[in-house]
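Working notes, beginning with the structure itself.
The values are calculated or read from the model by the stated rules, or taken from the named source; none is laboratory data. All values derive from a computational prediction rather than experimental measurement. FYI the Cβ positions are ideal-geometry reconstructions off the backbone, even for glycines, and counts take in every protein chain you see. For accessibility, only protein heavy atoms count, side chains too; no ligands or nucleic acids. Shrake-Rupley method; radii C 1.70, N 1.55, O 1.52, S 1.80 Å.
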Amino acid sequence: MAKTTPTVPKSKKSITLEKEIETKVRKIQARLIEKTDQNWSLSTVLNILVTGGLMQTKKMSNGDWQKIVSMVDNKSINFDDSLINDFTKKISG
């Protein structure tokens, strides 16, 4: 008898990303593909990033969240490439 794995329900949505965020997420996607020799969809990378952010919520202060909100509101989103390198190293093993 074949073992079945439960599927996670998916919902297709259209979202708008700030250009800086899209550029960095695509860079993460490219590095993950390069390092793991596997396909990484943009939605998979975004789901990982969102889940990671949600899991870290309790470790972040109100000030941390306000800084993020301010960056998004002011369209002053800026990421250091070292964050991308760190993330891809941790994800790709």
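Annotations
- Being of a type outside the set (Val, Ile, Thr), touching a residue at least 40 places away in the same chain (Cβ under 8 Å) and farther than 15 Å from Ile21 by Cβ is a property that does not hold for Ser41.
- Any hit, region 5-23, residues being of a type outside the set (S, T, N, Q), open to solvent by 70 Å² or more (accessible area, probe 1.4 Å) and modelled with pLDDT of 90 or more: no
- Among the residues examined, Asp80 qualifies as open to solvent by 80 Å² or more (accessible area, probe 1.4 Å), farther than 21 Å from Lys10 by Cβ and at pLDDT below 90.
- Checking each residue in region 46-67 for being hydroxyl-bearing (Ser, Thr, Tyr) and open to solvent by 60 Å² or more (accessible area, probe 1.4 Å) picks out only Thr51.
- One residue stands out among those in region 31-55 that are in contact with a helix residue (DSSP H, G or I) (Cβ under 9 Å, 6 or more places away or on another chain) and not in a helix (DSSP H, G or I): the one that is nearest to Lys12 (Cα to Cα), which is Ser41.
- Per the conditions (1) within 13 Å of Lys27 (Cα to Cα); (2) touching a helix residue (DSSP H, G or I) at 6+ places or on another chain (Cβ under 7 Å); (3) of a type in the set (Ser, Thr, Tyr), the sole criterion not satisfied by Ser82 is (2).
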